Amino acid sequence: MPPSSRKRTVQAVLLSSSFVKGSSASADDVLPTKAVSLSSSSIPSHKTNGTELFQAWRAHDSLQFHAFTDPSEIQRIQHQLLTWYHAHRRKLPWRGDPPPWNGSTSNFGNCGNKKQKQTSLKSFFKNPDDMTGNDDTSLPTFPVTPYGVWVSEIMLQQTRVEAVIPYWVKWMQSFSTVQALATATPEQVNAHWAGLGFYRRARMLHAGAQHVVTHYTTKDGTVQWPTTVAAWQQLPGVGRYTASAICSICFQVAVPVVDGNVCRVFSRLRGVAQHVKAPVFKDQYAWTLLQPLVEHTDEPGNINQALMELGATYCAPAGTGLEEGDPLKEFYYSTRLVEPAIVSNDLSPILVSSTMAPTTAASCPLCAEDGVEQVIQQWRECAIIPNLRVYGHQYLPMAPPQSAKRVQVWQVAALSHSAGKEKRWLLVQRPPTGLLAGQWEFPCICLWDSADTKVDKKFKTLKKAVDPEPPTIPLTKKRAAWKKLLIELSVGTVSSVQTVGVSSLEHVFSHVKHILWLQTGQVDDAMDEAASTPDGRAMQWMTAGDMQQVGITSGVKKILQALKQHVEDRST
């Protein structure tokens with residue numbers, strides 16, 4: 001369907017001003033009954049049988065199909081969510097729960113997402129007392145405050161709940177108030193954030209605290225917190241999601257909170273044939289379509305937290321929609337759409353339906369173009385009927401398009417100098433902007449970058465994303481890079497030069513993969529502590545204790561672990 005036609009469909013269904021980011025328009029303003037192309041009688045409800053729902057899904061051509069319009073259904077969903085959330089939610093410190101805390105979803109069995117992200121290695125120098133465990137019952141119970149919720153929401157971006165808990169606890173013990181954070185030094189903030197990654201979040205949180213203290217401190221020294229989404233979005237690093245979460249949880253503002261987990265739940269509840277990262281979904285229509293679920297309730301914050309909790313547990317990517325404990329299993333379009341095929345033990349209701357009438361779902365401004373037909377085609381390829389209901393659930397939402405990561409090969413110099421009995425390592429500070437801005441790292445030089453070659457375009461044309469494969473780096477090039485590094489660092493004589501390990505190390509970020517070739521050497525005479533690189537970056541000799549004070553990244557910890565293993569291997 002031409003983009004102009006899809007745009008006209010949107011305008012026919014919605015008031016365009018209602019979808020301006022940050023709009024506070026109500027659901028009634030956004031979804032006027034007279035403006036939709038489907039009559040109200042054709043809108044599915046929880047009473048619609050599977051065959052009727054399937055045909056309506058194929059024929060829908062507007063957002064109204066995905067809307068919550070039945071007041072009784074909305075009330076039932078709210079009741080089910082709140083009952084389940086109060087009884088089974090995870091116990092977390094920023095929710096005011098006493099220890100022990102548990103952010104894991106492993107107790108939800110097969111319904112949880114089994115895919116685990118890369119975990120940080122414990123460095124050889126780390127004191128186990130530095131990071132408080134999640135099961136330490138001697139810790140205090142923290143009150144629910146706008147500040148604490150704000151810190152938790154920032155930390156939880158791109159980071160698992162169970163990994164955040166000890167960082168949040170340590171943070172709140174050191175910076176118990178927004179005033180304490182505002183007066184902290186960047187070095188103190190960085191040391192408390194080290195290991196969480198995405199370090200720009202810490203800088204923005206620090207700047208946001210200073211903004212709050214400057215603009216919201218009353219004459220008696222107390223902070224009068226902002227209570228609207230618009231006001232919170234004026235703070236550095238606070239977007240619509242974070243502002244909405246804080247306002248709904250702390251001030252019971254009736255505003256939805258939309259993230260990937262919530263989009264997944266909504267896609268399965270209302271048959272959205274789209275991927276959760278699509279801007280038209282997560283940044284635009286989901287906000288208004290979810291608005292009815294947080295209205296006419298005293299607990300909009302708990303409704304939002306219940307949806308997020310459900311998306312992380314029973315409605316995780318690997319969820320089936322069939323678990324007895326799933327509070328919304330009776331409401332999922334995802335399982336009801338394939339019900340006719342299950343009841344008849346025959347795929348023909350799905351196979352034949354596509355030939356009965358052409359689908360008009362491509363006109364829906366929310367679903368991907370031909371998204372409905374793509375999902376149906378995946379269902380047709382399911383050979384085992386008993387599993388079809390599970391597939392119906394798991395093929396919604398659609399899988400996001402994959403893209404290959406940028407790949408870089410780095411030569412890393414791990415230079416040490418012994419000062420008495422304690423070894424010190426030479427670290428340099430990264431530039432103030434960009435990846436790992438301002439963090440400390442071992443001196444390194446790039447040997448190869450996929451962005452500098454034509455290989456990226458080649459791999460981006462593949463149907464399934466494959467990271468570019470770097471070429472074999474000649475030994476002469478590695479030696480030249482090592483020599484260049486030593487000249488730039490002006491470290492003088494380096495002895496006992498050794499290659500660490502028989503292969504390279506890998507460190508993976510969200511958008512780039514670093515392949516590290518590591519060499520180590522002993523510097524006989526340490527340089528001046530005030531020295532800097534030719535491009536003006538600070539350099540410093542650091543002991544293990546120094547590294548703990550400034551905070552180091554998981555990539556540096558990985559290199560230190562490799563160095564430790566190298567020493568152990570040589571001693572055996």
* Residues that are on the phi < 0 side of the Ramachandran plot and touching a Lys or Arg at 6+ places or on another chain (Cβ under 6 Å): find the helices (runs of 4 or more DSSP H) completely inside segment 238-340 holding 2 or more of those. => 300-312, 333-336
* To do: List every residue pair whose Cβ atoms lie under 7 Å apart, where the two residues are 6 or more positions apart in sequence or sit on different chains, the first residue falls within segment 389-417 and is closer than 27 Å to residue 475 by Cβ, and the second residue, located anywhere, is surrounded by fewer than 19 Cβ atoms within 10 Å (Cβ to Cβ) and acidic (Asp, Glu).
  => 405/467; 407/467; 408/449
* **Which listed residue is at pLDDT below 90, assigned to a loop (DSSP other than H, G, I, E, B), surrounded by 16 or more Cβ atoms within 10 Å (Cβ to Cβ) and small (Gly, Ala, Ser), from 530, 526** => 526
* **Those residues of segment 225-245 which are buried (at least 22 other Cβ atoms within 10 Å of the Cβ) and farther than 18 Å from residue 283 by Cα, in sequence order** => 235
* In the set 393, 417, which member is touching a Leu at 6+ places or on another chain (Cβ under 9 Å), modelled with pLDDT of 85 or more and more than 29 Å from residue 516 (Cα to Cα)? -> 393
* Which members of segment 167-181 meet the condition of being crowded, with 19+ Cβ neighbours inside 10 Å and in a helix (DSSP H, G or I)? -> 167, 168, 169, 171, 172, 178, 181
* Given (1) in contact with a helix residue (DSSP H, G or I) (Cβ under 8 Å, 6 or more places away or on another chain); (2) buried (at least 20 other Cβ atoms within 10 Å of the Cβ); (3) assigned to a strand (DSSP E or B), number of the condition residue 445 does not satisfy -> (2)
* To do: Output yes when any residue across segment 401-413 is at pLDDT below 90, of a type in the set (D, E, K, R), outside any strand (DSSP E or B) and in contact with a strand residue (DSSP E or B) (Cβ under 9 Å, 6 or more places away or on another chain), and no when none is.
  => yes
* Structure fact -> By residue number, the members of segment 246-279 that are closer than 18 Å to residue 85 by Cβ and among the aromatic types (Phe, Trp, Tyr) are 266
* Asked: Among 7, 91, 21, which is loosely packed, with under 14 Cβ neighbours inside 10 Å and either at pLDDT 95 or above or assigned to a loop (DSSP other than H, G, I, E, B) (or both)?
  -> 21
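The values are calculated or read from the model by the stated rules, or taken from the named source; none is laboratory data. Remember, it's a predicted structure, so these values are computed and weren't measured experimentally. Neighbour counts run over all protein chains shown; Cβ positions are idealised from the backbone, glycine included.
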